[in-house]
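Below is one structure, written out as structure tokens; comments come after it.
The values are calculated or read from the model by the stated rules, or taken from the named source; none is laboratory data. Predicted model only: the values in this text are computed from it and were never measured. Note: ideal-geometry Cβ built from the backbone for every residue, glycine included; neighbour counts use all protein chains shown.
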Amino acid sequence: VLTHEDCELLQQTWEKVLGHQEDFGAEALERMFITYPQTKTYFPHFDLHHGSEQIRNHGRKVVNALGEAVKNMDHMSTALSELSNLHAYNLRVDPVNFKLLSQCFQVVLAVHLKDQYTPDVHRAYDKFLSAVGDMLAEKYR
Ligand code: HEM
């Protein structure tokens with residue numbers, strides 16, 4: 001459960017993400033494709049080479065969607081309901097993959113925020129990203 005303190009930490013640190021959505025998103029996706037190559041099977045139509053325009057665009061969309069969730073933390077499931085339909089019904093993404101992308105995004109945050117990615121911030125993102133993953137997978141249950 002996200003506490004009030006977690007929410008405040010998320011909102012504060014999200015300020016450091018603003019302006020880097022495309023870079024951070026692309027880096028997270030690239031880490032996911034390299035570390036967990038099975039995730040590439042969902043993107044057969046993408047150019048997955050380093051610096052690919054499609055990865056950059058997609059990275060920006062993913063991080064902006066996370067930003068919307070940060071903004072709407074008190075009603076996240078409504079904010080994410082369309083994305084949940086997309087991932088669950090249309091794309092049929094296996095829920096295990098949400099954990100993999102979350103893991104990669106946290107590494108990106110740690111690399112870029114450095115000592116500002118404190119254990120408390122880490123915990124807040126861990127809870128937040130697993131809540132987002134649960135919501136995107138909601139329709140499977
Ligand atoms: C599309 C967000 C996790 C596979 C999208 C889009 C967004 C998004 C915003 C674009 C929707 C649109 O164009 O209307 C997220 C978020 C995730 C997440 C916030 C979790 C933090 C995943 C995972 C996979 C995945 C784990 C698979 C490994 C896809 C695919 C598309 C897509 C295949 C369609 C890409 C295209 O053809 O343009 N996602 N996603 N997503 N997502 Fe996710």
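Laid out as a table, the results:
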{"item": "Residue under evaluation Y42, criteria (1) among the hydroxyl-bearing types (S, T, Y); (2) touching a helix residue (DSSP H, G or I) at 6+ places or on another chain (Cβ under 8 Å); (3) more than 7 Å from the ligand (Cβ to nearest atom); (4) at pLDDT 95 or above, criterion not met", "result": "(3)"}
{"item": "Verdict on H58 being of a type outside the set (V, I, T), modelled with pLDDT under 95 and either surrounded by 15 or more Cβ atoms within 10 Å (Cβ to Cβ) or part of a helix (DSSP H, G or I) (or both)", "result": "no"}
{"item": "Which numbered condition F33 misses (of (1) over 16 Å from L9 (Cβ atoms); (2) within 13 Å of the chain's Cα centre (by Cα))", "result": "(2)"}
{"item": "Candidate set: segment 27-39, residues that are within 12 Å of the ligand (Cβ to nearest atom) and of a type in the set (A, V, I, L, M, F, W, C); chosen: the one farthest from C104 (Cα to Cα)", "result": "F33"}
{"item": "Residues being exposed (fewer than 11 other Cβ atoms within 10 Å of the Cβ) and either in contact (Cβ under 8 Å) with a residue 40 or more places away in the chain or under 25 Å from L100 (Cβ atoms) (or both) - total across segment 1-17", "result": "1"}
{"item": "Where T35 falls short, out of the listed (1) under 19 Å from K99 (Cβ atoms); (2) surrounded by 13 or more Cβ atoms within 10 Å (Cβ to Cβ); (3) among the hydroxyl-bearing types (S, T, Y)", "result": "(2)"}
{"item": "H50 vs. criteria out of contact with any Cys (no Cβ under 8 Å at 6 or more places or on another chain), farther than 18 Å from L10 by Cβ and more than 8 Å from the ligand (Cβ to nearest atom)", "result": "yes"}
{"item": "Selected residue (criterion: nearest to D94 (Cα to Cα)) from residues of segment 1-39 that are of a type in the set (V, I, T) and either outside any loop (DSSP other than H, G, I, E, B) or modelled with pLDDT under 95 (or both)", "result": "T39"}
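Matching residues to (1) within 16 Å of Y36 (Cβ to Cβ); (2) more than 16 Å from the chain's Cα centre (by Cα); (3) at pLDDT below 95; (4) not β-branched (V, I, T):
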{"site": "N85", "(1), (2), (3), (4)": "no, yes, yes, yes"}
{"site": "S102", "(1), (2), (3), (4)": "yes, no, no, yes"}
{"site": "F105", "(1), (2), (3), (4)": "yes, no, no, yes"}
{"site": "V108", "(1), (2), (3), (4)": "yes, no, no, no"}
{"site": "H112", "(1), (2), (3), (4)": "no, no, no, yes"}
{"site": "Q116", "(1), (2), (3), (4)": "no, yes, no, yes"}
{"site": "P119", "(1), (2), (3), (4)": "no, yes, no, yes"}
{"site": "R123", "(1), (2), (3), (4)": "no, no, no, yes"}
{"site": "K127", "(1), (2), (3), (4)": "no, no, no, yes"}
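Here's the yes/no breakdown for (1) touching a residue at least 24 places away in the same chain (Cβ under 8 Å); (2) over 23 Å from K114 (Cα atoms):
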position: G25; (1), (2): yes, no
position: Y36; (1), (2): yes, yes
position: Y42; (1), (2): yes, yes
position: H50; (1), (2): no, yes
position: I55; (1), (2): yes, yes
position: G59; (1), (2): yes, no
position: L66; (1), (2): yes, no
position: N72; (1), (2): no, yes
position: L80; (1), (2): yes, yes
